[in-house]
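Novice: Have a look at this one.
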Amino acid sequence: MFFIAFGFCFVFACFVAWMILFRSEREKFVRWTRFINEKMYTSIQRIGRLNSQNMAQARVSVKARRSEVFQGMRRHYLLWVGGIALLALPPLAAWLFSNQLMLEGFEDTGRDANLQVSELLKGELLVPPPPLPPEFFTSKEVELVRPMLVTASRNWQLLNSDYSQRLLLVFKIMKEKHGYDMAILEGYRSPERQNMLAAMGTHVTNAAAFQSYHQYGLAADCAFMRDGKLVISEKDPWAMEGYRLYGEVAESVGLTWGGRWKMMDFGHTELRLPGVLKRP
């Protein structure tokens, strides 16, 4: 008898937990219950019209059985409470100690980013590619998109070591995984050059001297190489697909990608370290 009562309590607790956790199923159950009640009520009325005496006996029998059930529940209330607590405590504890954002949908844990960043910490120092000849940056196509690029610094040694290793890792992944050869257009930028570019207008840059991560060696502008030429134009579908992949890979190693800014800068990445910029 004890095991039967415990089994009944267990099933009841499962039913209560199911009703609480699954709203759609609860609504279906309520609709089904209403439907059954209406059918039962109609059947009872029909039976009552046929035989009121039998109906009265049926009501008495239902009341008696209900009373027996309630009495049984009162006698074994501790068993009921224990069964409900046994089922309710595990999901309640999981909900309290978990990240509740997970209830709204999938949360990106950044596991891929952590694996790739950890590769930087294994002690392997990636070597910068050989510098490109100046004529690569003086073609009409390049001058049209990025004027004065020939005087920009592309010296990897002037970049922050952490940032340069992350950027070189991005270059490596872009080549090996996606087939894109990449080149740096401009890395470190002097305060004088930053002010000069800012004076050209907001279509070039919004940042004055020491308001850009370029001045701290924590930013660089990059592009792609195809058939021995630089490809910078955003009108090129191949280049735009490359920028999309470049942004994904850069973000996966902890860099900030300029393609997500209001004034989009697809080739720009930076490593934002706290307390570097003088402006907020």
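The values are calculated or read from the model by the stated rules, or taken from the named source; none is laboratory data. Fair warning: this is a prediction, and the values are worked out from it, not measured in the lab. Here the Cβ is made from the backbone with ideal geometry for all residues, glycine too, and neighbour counts use every protein chain on show. Remember, those area values only see protein heavy atoms, side chains included, never the ligands or the DNA or RNA. Shrake-Rupley method; radii C 1.70, N 1.55, O 1.52, S 1.80 Å.
Novice: Restricting attention to strands (runs of 3 or more DSSP E) lying wholly within the range 166-272, give those where 1 or more residues are farther than 18 Å from Pro131 by Cα and not acidic (Asp, Glu).
Specialist: Filter on the range 166-272 gives 268-270.
Novice: Does the range 220-227 contain at least one residue that is surrounded by fewer than 22 Cβ atoms within 10 Å (Cβ to Cβ), modelled with pLDDT of 95 or more, more than 23 Å from Glu143 (Cα to Cα) and of a type outside the set (Lys, Arg)?
Specialist: Within the range 220-227, none of the residues are surrounded by fewer than 22 Cβ atoms within 10 Å (Cβ to Cβ), modelled with pLDDT of 95 or more, more than 23 Å from Glu143 (Cα to Cα) and of a type outside the set (Lys, Arg).
Novice: Shifting gears a bit: Right, Glu251: under 23 Å from the mean Cα position of the chain (by Cα), among the acidic types (Asp, Glu) and open to solvent by 10 Å² or more (accessible area, probe 1.4 Å) or not?
Specialist: yes
Novice: From the residues in the range 127-146 that are within 37 Å of the chain's Cα centre (by Cα) and closer than 21 Å to Thr205 by Cβ, which one is least open to solvent (accessible area, probe 1.4 Å)?
Specialist: Looking at residues that are within 37 Å of the chain's Cα centre (by Cα) and closer than 21 Å to Thr205 by Cβ, I get Val142.
Novice: Could you pull out the residue among Glu124, Glu119 that is acidic (Asp, Glu), at pLDDT below 90 and either touching a Phe, Trp or Tyr at 6+ places or on another chain (Cβ under 6 Å) or open to solvent by 70 Å² or more (accessible area, probe 1.4 Å) (or both)?
Specialist: Glu124
Novice: Residues that are open to solvent by 60 Å² or more (accessible area, probe 1.4 Å) and in contact with an Asp or Glu (Cβ under 8 Å, 6 or more places away or on another chain): does the range 157-176 have at least one? Outline the logic, then answer.
Specialist: In the first step, residues of the range 157-176 are kept if they are open to solvent by 60 Å² or more (accessible area, probe 1.4 Å); the result is 157-158, 161-162, 172, 175-176.
The next check asks that each one be in contact with an Asp or Glu (Cβ under 8 Å, 6 or more places away or on another chain); those that pass are 175.
Within the range 157-176 (the criterion being open to solvent by 60 Å² or more (accessible area, probe 1.4 Å) and in contact with an Asp or Glu (Cβ under 8 Å, 6 or more places away or on another chain)), the answer is yes, since at least one residue qualifies.
Novice: If you don't mind, another one. Run down Leu169, Leu185, Leu149 and say which single residue is closer than 24 Å to Arg244 by Cα, within 28 Å of the chain's Cα centre (by Cα) and touching a residue at least 24 places away in the same chain (Cβ under 8 Å).
Specialist: Of the residues listed, the single one that is closer than 24 Å to Arg244 by Cα, within 28 Å of the chain's Cα centre (by Cα) and touching a residue at least 24 places away in the same chain (Cβ under 8 Å) is Leu169.
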